[in-house]
Structure formats: C-alpha cells, structure tokens
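Novice: Sharing a structure with you now.
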Amino acid sequence: MKEVLLKINNLKKYFDMGAGVTLKAVDDVSLHIFKGETFGIVGESGCGKSTLGRTIMGLYGVTEGEIVYNSLNIFEIKSKERFALHRKMQMIFQDPYASLNPRLTVAEIIAQPMEIHKLYSTKQAYLERVYHLLESVGLSREHAGRYPHEFSGGQRQRIGIARALALDPEFIIADEPISALDVSVQAQVVNLLKKLQIEQGLTYLFIAHDLSMVKQISNRIGVMYLGHLVEVTDSHRLYEEPLHPYTQALLSAIPIPDPDVEKRRERIILKGELPSPMNPPSGCVFRTRCQYAMEICTNVIPKWQEVEKDHFVKCHLHNEEIKGNQTSQMKVKMR
Ligand SMILES: Nc1ncnc2c1ncn2[C@@H]1O[C@H](COP(=O)(O)OP(=O)(O)OP(=O)(O)O)[C@@H](O)[C@H]1O
Ligand code: SF4
Ligand SMILES: [Mg+2]
C-alpha cells in the first residue's frame, strides 16, 4: 500500500487586487502525493503552478482549504512543530539567477538554512557539510568561496539544489528548475534530481510548463488550467488516454518522433484567449475554449471525480449522472 505524504483538500489561494477585485490564482485544488514519487504539475504560464507550490510551502497564506503533511494538518500545528516541518519541505526556485543572493558566497548561501536551524556548533562543521553537499550535486569544494555571478545557469541551479538539500528534506517542490537552462544542461539537472531522489528517498512536486519534460521525470501528473486542477493520473495513462479536453489539446501539440504517426497527428487548436483569473468564466473555467462545451458547462462547476481507478477529472463529459441526463434530454428532444 502506497503511503500518502502530502494531501491537499479544496485549496484556494486568492489575491486581493484592491477595488473589490479578486484574483483566483488557485481555486479548489485537491490532490495527494505518495511518498517517494514525483508528482508533476503542468499548465500554461499564469495557471497558478508557482502559487500552488508557494502556498504549500507556507510562503503564501491560504484563503481556504486544508494541507495535511504526514497526517499533520499544517494549519493546526504549533509554531514549534511548524518550524520542524519546514526542515522537511524545501523548494528549488524557478529562476537560478534571481534566487541566489549575489552578495553571499556559495558556502554562505548553502549554510544559511542550516544556521537558522542551528544544526552544528562549529564553523568547520558547517563548512564540511557544505563541501559534502557541493560534491553531491556535482560541484566541488573549491566552489564554496565563490559568488553566484561566477557560475553558469546550470551550476547556479546545482547550488540551489544543494541549498534545498542542506536540511535533509523529505519533500522538495521544484518550480520549473530547468526552464531557464540551456537544453544541453536540462538533462543533466533532471538526471541529478533523479539520482538524489533514489539516494535520499525524496518526494518531488515537479512544476513545468512543458508536458514532454514532465513526463520523463513524473510518476503521476496533474494538469492545471486557470487555477483549477483539471486532470490527474499516472503519466503513461495521461499520454495514452487523456480525458479532459484541455489535456487532449495540450498533448496534441507535442510532436511525435515517428514521422508516419506525426503525419497523421491531429492538432487541436484552442480557440480564443486565455481568460483572466480576475474574471474567470462561470461554470467550467475551460468552457470558452472547449470544443465540447454544453449548456451545463456555463452554469455548473464540474465536480472533481475519480472516473476510473487513480484517474481524476474535472469535466461534465465524464460525470455519469450528467451524461445520463444529457442522453435522456436528447431522447426527449428527438420524440
Ligand atoms: N503575489 C501575487 N500577487 C498577486 N497576484 C499574483 C501573485 N503571484 C501570482 N499572482 C497571479 O496569480 C496567477 C498565477 O500565477 P503563478 O505565478 O502561480 O503562475 P504559473 O503557473 O507559475 O506561471 P509561470 O508558468 O509563468 O511561472 C497569475 O495571474 C499571477 O499574475
Ligand atoms: S466541463 Fe464542459 S466546458 Fe468544461 S471541459 Fe468539460 S465539456 Fe468542456
Ligand atoms: Mg511559475
């Protein structure tokens, strides 16, 4: 039986934009992540991926909902327990250029979280740990005294990974850790993350906007659209049998290496613009761009449902009750 490490129930993160305007960055998201797995999150820019990650990390307050980590509801625990929990959850940030303080040496950057948690009593002990961490991410102890600007993008991301590993975490949120890197370096960083996962039994939430990249690293994938999680399943299943019309459109845009299959590939072009999260469509948020939109899609928010084992979808097309009703309505019309 797989053990659930993180469970999120009906999580909402709204930003108050002033003048009575609310931006719904994350809206009613529920998911669970198993211990030791990589859970990928994909979706277009602005769909709420980073906000979801930051909210789980406690960097943003929650508007509504529940986050349960290792059976502990993180909003109900005392501040001392929360401090201890922060050791176990770490984040690798989207931009390796902006996320490292340019005025600190690599050793200071990596040692900082350990100093906050008072892990060691001597400077030498911190330094030894920094050397060990640098080596485990493929850098060397000679790099410890240098500053971030002296490194390439890929090396900076390795420093960010070493910092995330400093407290021996169990769970790491990697927010597009490779998008800012050259293609040639991306695979190296992905391989490093995979190696560390095996060696240290890590669980990842891996955020990306590129479905082909996320497939390579993830056991399961969640697809986000305009603050909503619209589909979650095993990564192979998602590619073979995407159920949500948005997932189908995303997948249809990925080129297939086989030229014969590629020739027959049908691209689903999404009509219209991505709506604003400050004024999302009523009912299903995808309805303004969905080729299957029905009347009910305007009025009723689809339920988040497990339509087959471990396959969750938020779409009326896959709701048995509604499917039945639609069919009977059609029958009535035909009479
Ligand atoms: N601190 C904030 N205050 C107000 N609005 C915010 C804040 N952070 C994010 N947003 C808004 O929330 C929405 C989701 O943003 P988020 O950064 O989570 O998207 P994303 O999926 O990570 O996009 P990208 O792929 O570009 O990184 C966007 O409309 C964004 O403008
Ligand atoms: S609920 Fe309706 S509009 Fe939304 S994805 Fe399903 S069919 Fe399309
Ligand atoms: Mg982001």
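The values are calculated or read from the model by the stated rules, or taken from the named source; none is laboratory data. Bear in mind that the values here come from a model prediction, so they are computed numbers and not experimental data. Using ideal geometry, Cβ is built from the backbone for each residue, glycine included, and neighbour counts are taken over all protein chains shown. We work out accessible area using only protein heavy atoms, side chains counted, and drop any ligands, DNA or RNA first. Shrake-Rupley method; radii C 1.70, N 1.55, O 1.52, S 1.80 Å.
Novice: Mind checking the per residue accessible area of segment 154-230 for me, 1.4 Å probe, whole number of Å²? Present the calculation step by step, with values, prior to reporting the outcome.
Specialist: Working: 2350 Å² over 77 residues.
Value for segment 154-230: 31 Å² per residue.
Novice: List the aspartates and glutamates whose Cα lies under 14 Å from the Cα of Lys24, skipping any in the same chain that are fewer than 8 positions away.
Specialist: Straight-line reach from Lys24, under 14 Å: Asp16, Glu64.
Novice: For segment 22-38, what does the Karplus curve 6.51 cos²θ - 1.76 cosθ + 1.60, with θ = phi - 60°, yield as ³J(HN,Hα) per residue in whole Hz, taken in order and with x for Gly and Pro?
Specialist: 10, 9, 8, 6, 10, 10, 6, 8, 10, 7, 9, 10, 7, 4, x, 9, 10
Novice: Explain nothing, just compute: Karplus ³J(HN,Hα) = 6.51 cos²θ - 1.76 cosθ + 1.60, θ = phi - 60°, for every residue of segment 80-94 in order, whole Hz, x for Gly and Pro.
Specialist: Ordered by residue, 3J(HN,Hα) equals 5, 5, 5, 4, 5, 5, 4, 5, 7, 10, 10, 10, 9, 8, 4 Hz.
Novice: Using a basic spin-label model with each label point 7 Å from the Cα along Cα→Cβ, how many nm lie between His117 and Gln200?
Specialist: Once both label points are built, they end up 1.0 nm from each other.
Novice: Among DSSP bridges having both ends in the chain, what percentage is antiparallel? Round to the nearest 5. All intermediate terms of the calculation are to be shown ahead of the outcome.
Specialist: Working: 28 of 46 bridges.
Beta bridges within the chain, antiparallel portion: roughly 60 percent.
Novice: Right, here's the next one. Can you work out the FRET efficiency for the pair Leu104 and Ser179, with r the C-beta to C-beta distance and R0 = 22 Å, to the nearest 0.05?
Specialist: Numbers: r = 24 Å, r/R0 = 1.09.
According to the calculation, E is roughly 0.35.
Novice: For the chain, give the percent of accessible area contributed by carbon and sulfur heavy atoms, probe 1.4 Å, rounded to a whole number. Let's see the in-between values first.
Specialist: On the way: 8770 of 17130 Å².
Its accessible area is 51 percent carbon and sulfur atoms.
Novice: A further question follows. Suppose the chain between Glu150 and Phe15 were pulled fully straight at 0.36 nm per residue; how much longer would it get relative to their current alpha carbon spacing? If you can, show how the numbers build up before the last one.
Specialist: On the way: separation 135, 0.36 × 135 = 48.60 nm, distance 3.70 nm.
Result: 44.9 nm gained on full extension.
Novice: Strictly over 18 Å apart at the Cα level, which of Lys80/Lys118; Lys7/Lys194; Lys49/Lys195 would you flag in this model? Could the numbers behind the result be given before it?
Specialist: Numbers: Lys80/Lys118 14 Å; Lys7/Lys194 23 Å; Lys49/Lys195 24 Å.
Lys7/Lys194; Lys49/Lys195, as the Cα separations exceed 18 Å there.
Novice: Calculate I(q)/I(0) for the chain by the Debye formula, one identical point scatterer on each C-alpha and no solvent, and give its log10 at q = 0.09, 0.11, 0.14, 0.16 Å⁻¹ to two decimals.
Specialist: -0.54, -0.78, -1.18, -1.43
Novice: When only DSSP loop residues count, what GluC sites (Glu not before Pro) in segment 214-275 have their Cβ near at most 11 other Cβ atoms within 10 Å? Don't jump to the answer; show the numbers that get you there.
Specialist: Numbers: sites: Glu231, Glu240, Glu262, Glu266, Glu273; in loops: Glu266, Glu273.
Passing sites in segment 214-275 are Glu266, Glu273.
Novice: Between Gly20, Thr298, Gln112, whose Cα lies farthest towards the positive end of the dipole of the chain when Lys and Arg beta carbons carry +1 and Asp and Glu beta carbons carry -1, centred on the Cα centre?
Specialist: Of the options given, the answer is Gly20.
Novice: Sort 114-123, 288-297 for me by packing, meaning the mean count of neighbouring Cβ atoms within 10 Å per residue, highest on top.
Specialist: Values: 114-123: 12.3, 288-297: 16.8.
Top of the packing list down: 288-297, 114-123.
Novice: Obtain the nm distance between the two label points defined at Ser71 and Gln248 by a simple spin-label model: each point lies 7 Å from its Cα along the Cα-to-C-beta direction.
Specialist: 4.2
Novice: Please list the equivalent ellipsoid semi-axes of segment 189-335, computed as the square roots of five times the alpha-carbon gyration tensor eigenvalues, in descending order and whole angstrom.
Specialist: Numbers: eigenvalues 199, 67, 52 Å².
Listed largest to smallest, the semi-axes of segment 189-335 are 32, 18, 16 Å.
Novice: Ignoring ligands, DNA and RNA, what accessible area per residue does segment 51-91 give at 1.4 Å, in Å²?
Specialist: Dividing the accessible area of segment 51-91 by its residue count gives 57 Å².
Novice: Still on this model: Using only the Cα atoms of segment 9-145, what semi-axes does the equivalent ellipsoid have when each is the square root of 5 times a gyration tensor eigenvalue? Give whole Å, largest first. It would help to have the intermediate numbers written out before the result.
Specialist: Details: eigenvalues 210, 71, 48 Å².
Working from the Cα gyration tensor, I get semi-axes of 32, 19, 15 Å.
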